[in-house]
């Protein structure tokens, strides 16, 4: 595996883990991969530790490998965008049967993810009939 791919995957895994931990903390059930908060917390922490170990042992494992600053910034930005997209898609697929969109008052913004998935919120916001 090349250094660039390793950096991208490590950043992607770490970013997904941080998004999951933030969703647990803020109660955004529509973004969680599992509705069991303990299981989700443990898997997110493990998924955060693995890239951290890879980052801190980078020079010991790759003595001559260098990723330039611009390339590193680009890979990290791509990893963050990919992690957000992955989280929105996977959480919507996993949680779709668990949530029914509210009938009464609809909460807009990120608070809507406490009651529904990302794609349900988008559908209600833009394609409501």
Let me confirm something: among 121, 60, which residue is modelled with pLDDT under 95, surrounded by fewer than 13 Cβ atoms within 10 Å (Cβ to Cβ), part of a helix (DSSP H, G or I) and over 14 Å from the mean Cα position of the chain (by Cα)?
60
Condition test on residue 47, is it over 24 Å from residue 119 (Cα atoms) and under 12 Å from the mean Cα position of the chain (by Cα)?
yes
Collect the residues in the range 33-57 that are in a loop (DSSP other than H, G, I, E, B) and surrounded by fewer than 15 Cβ atoms within 10 Å (Cβ to Cβ), keeping them in residue-number order.
35, 36, 57
What number of residues within the range 47-88 are in contact (Cβ under 8 Å) with a residue 12 or more places away in the chain and within 17 Å of residue 16 (Cα to Cα)?
18
Out of (1) under 16 Å from residue 86 (Cα atoms); (2) in contact with a helix residue (DSSP H, G or I) (Cβ under 6 Å, 6 or more places away or on another chain); (3) surrounded by fewer than 17 Cβ atoms within 10 Å (Cβ to Cβ), what's the single condition that is false for residue 22?
(2)
Within the range 63-90, residues touching a helix residue (DSSP H, G or I) at 6+ places or on another chain (Cβ under 6 Å) and either surrounded by fewer than 10 Cβ atoms within 10 Å (Cβ to Cβ) or more than 30 Å from residue 35 (Cα to Cα) (or both) come out as 65, 67, 75
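The values are calculated or read from the model by the stated rules, or taken from the named source; none is laboratory data. Since the structure is predicted, the reported quantities are computational estimates derived from the model, not experimental observations. Backbone-built Cβ (ideal geometry, glycine too); neighbour counts: all protein chains shown.
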